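Let me begin by presenting the structure, written as structure tokens, before commenting on it.
The values are calculated or read from the model by the stated rules, or taken from the named source; none is laboratory data. These figures come from a predicted structure and were not determined experimentally. Note: ideal-geometry Cβ built from the backbone for every residue, glycine included; neighbour counts use all protein chains shown.
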Amino acid sequence: MRYVLKPEMRAGGIPVMNFRTHPFLALLCLSLTTAGCGPNRGPEAPPPPPVIPISRPVVRQVTDFVDYTGRTDAVNSVGIRPRVSGYLVKIPFREGAEVKKGDLLFEIDPRPYQAQLDQAQSQVALNQASLTLAQSTYARDRAIGTSAVSPQQLEQDRAAVEETQARVKASQATVENYRLNVEFTRVTSPIDGQVSRYYLTIGNLAIQDQTLLTTVVSLDPVYAYFDIDEPTLLRIRRAINEGKIQRAKDVTAIPVLMGLQGEEGYPHQGFVNFINNVINPSTGTLAIRGVFPNPEPPNGRRMLSPGMFVRIRLPIGQPHEALLVIDRAIGSDQGLKFVYVLDADNKVQYRRVTTGALEDDGLRVVEEGLRPDDRVVVGGLQQIRPRMQVQAEPTEMPTLGQNQAPSPVSGRPQPPPPGANDQGSSGGTGPKNPGGKTPGPTTPGGPNRP
């Protein structure tokens with residue numbers, strides 16, 4: 001749609017615009033007449049440097065450690081299988097209960113085996129009678145002498161005694177075998193521990209050395225298996241060879257800590273009792289086993305069970321003095337760790353560091369790159385960049401246990417842009433209007449006002 005301004009004729013033939021009819025033209029003329037009437041504003045003053053909290057590194061004794069995940073396992077685990085075949089007649093245990101060594105778990109029908117035992121005992125008595133007769137005959141013939149009994153007869157008498165003696169021993173062994181079979185009809189627990197459910201019910205046939213009836217696992221102590229990575233293993237061995245870590249005389253002298261899900265820290269203490277002799281080529285790790293006590297508290301339950309997921313902390317070496325800073329003050333730049341520190345002129349400097357283990361209070365060990373008198377930036381990390389002028393606000397090194405107000409800008413320090421470490425950057429100033437004038441508010445009125 002096109003708008004055409006039609007001039008009206010004033011007396012004398014002079015065309016004039018009608019501003020009542022065309023309000024857009026009136027506003028345009030009004031803005032032109034009022035432009036430039038406002039006051040001139042000079043350049044805005046730069047804002048003051050931001051206030052940034054800084055802290056000195058904490059110096060204290062620490063013990064290096066590495067953390068892993070692992071699984072618990074029973075020291076003893078037994079699959080209960082019958083040693084004789086037969087039908088189950090009793091299952092007196094309660095599923096899932098703790099049992100002692102020798103407690104009855106299953107009973108197989110003993111009648112067939114008891115009958116075999118009675119028969120074998122009768123055979124022993126029969127052989128004993130034969131032996132008594134052979135011994136009497138041999139003694140009588142010897143008393144008569146060779147005048148009435150030939151040497152051949154004496155030899156036969158002596159052989160008959162020895163034969164019956166062997167029969168007695170064989171029958172006695174058969175009795176012992178059948179007695180064992182009768183005992184084996186009572187299936188008992190071979191260890192102290194916790195029994196599982198029964199896999200067969202009463203009346204089912206159990207096959208000798210084949211049918212799995214249930215399982216029993218020991219509960220105290222408990223193993224914990226974990227895998228140590230190859231770089232850490234090599235670092236420990238180099239430290240031992242360099243004399244930085246004292247070599248343990250026995251693996252049982254190496255302490256190990258463990259924590260369960262929902263627990264803070266590593267409250268369970270144990271020791272290493274096995275280190276594997278080969279590294280797994282598929283994972284590049286070495287299997288290690290720790291052993292932990294698992295007592296049953298009064299009126300309570302044991303905390304550890306086989307198969308649990310656990311957290312493992314393996315201390316490395318002896319306690320030593322180290323520098324620590326809050327973990328959030330450490331940034332990462334393409335895999336390289338760094339912190340921001342302030343120089344003598346309160347300018348931010350980029351400092352690369354080598355970090356160590358993270359402590360329970362949120363402080364991380366800094367192995368290289370810091371000095372005890374450095375002023376480390378611990379807050380407002382996203383407001384700063386290298387060479388930036390700031391105002392330092394000294395504070396204690398924050399920890400996870402302190403109730404501190406949250407920082408206005410949270411998060412870890414961000415790596416500087418390329419070249420920021422080599423070129424100076426101006427302080428934190430806002431955008432400026434270079435020499436321009438800000439138009440003042442337009443006021444109605446003027447020579448063209450209708």
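A single entry from ASP360, ASP345 fulfils the requirement of being surrounded by fewer than 19 Cβ atoms within 10 Å (Cβ to Cβ), within 27 Å of THR232 (Cα to Cα) and modelled with pLDDT of 60 or more: ASP360. The condition (being closer than 18 Å to ASP64 by Cβ, touching a helix residue (DSSP H, G or I) at 6+ places or on another chain (Cβ under 6 Å) and assigned by TED's automatic domain parsing to the domain that holds ARG311) is satisfied by just one residue among ILE254, ILE240, ILE245, ILE228: ILE245.
Evaluation of GLY243 against the conditions (1) outside any loop (DSSP other than H, G, I, E, B); (2) over 16 Å from the mean Cα position of the chain (by Cα) shows that the sole unmet condition is (1).
Scanning region 258-274 for residues that are of a type in the set (Gly, Ala, Ser) and part of a strand (DSSP E or B) turns up GLY259, GLY270.
State the number of residues belonging to region 126-148 that are in a loop (DSSP other than H, G, I, E, B) and either among the hydroxyl-bearing types (Ser, Thr, Tyr) or touching an Asp or Glu at 6+ places or on another chain (Cβ under 8 Å) (or both). Counting residues in region 126-148 that are in a loop (DSSP other than H, G, I, E, B) and either among the hydroxyl-bearing types (Ser, Thr, Tyr) or touching an Asp or Glu at 6+ places or on another chain (Cβ under 8 Å) (or both) gives 2. Once region 163-215 is narrowed to residues that are farther than 14 Å from ARG81 by Cβ and among the small types (Gly, Ala, Ser), the residue that is surrounded by the fewest Cβ atoms within 10 Å (Cβ to Cβ) is GLY203. For region 50-84, the set of residues classified as surrounded by fewer than 18 Cβ atoms within 10 Å (Cβ to Cβ) and under 30 Å from PRO110 (Cα atoms) consists of ASN76, SER77, VAL78, GLY79, ARG81, ARG83, listed by residue number.
Which one is farthest from the chain's Cα centre (by Cα), of the residues in region 100-125 that are of a type in the set (A, V, I, L, M) and part of a helix (DSSP H, G or I)?
Filtering region 100-125 for residues of a type in the set (A, V, I, L, M) gives 104-105, 108, 115, 117, 120, 124-125.
So of that shortlist, the ones also part of a helix (DSSP H, G or I) come out as 115, 117, 120, 124-125.
Details: ALA115: 58, LEU117: 57, ALA120: 60, VAL124: 64, ALA125: 67 Å.
Of everything passing the filter in region 100-125, ALA125 is farthest from the chain's Cα centre (by Cα).
Which residue is surrounded by the most Cβ atoms within 10 Å (Cβ to Cβ), if the candidates are limited to region 275-312 and must be assigned to a loop (DSSP other than H, G, I, E, B) and among the β-branched types (Val, Ile, Thr)? Give the steps one after another, and end with the answer.
Taking region 275-312 first, the residues assigned to a loop (DSSP other than H, G, I, E, B) are 276-279, 281-284, 293-308.
Imposing the further condition that a residue be among the β-branched types (Val, Ile, Thr) reduces the set to 278-279, 283.
Details: VAL278: 7, ILE279: 16, THR283: 11.
Filtering region 275-312 for residues that are assigned to a loop (DSSP other than H, G, I, E, B) and among the β-branched types (Val, Ile, Thr), the one surrounded by the most Cβ atoms within 10 Å (Cβ to Cβ) comes out as ILE279.
One residue stands out among those in region 216-247 that are out of contact with any Pro (no Cβ under 6 Å at 6 or more places or on another chain) and within 30 Å of VAL84 (Cα to Cα): the one that is surrounded by the most Cβ atoms within 10 Å (Cβ to Cβ), which is VAL216.
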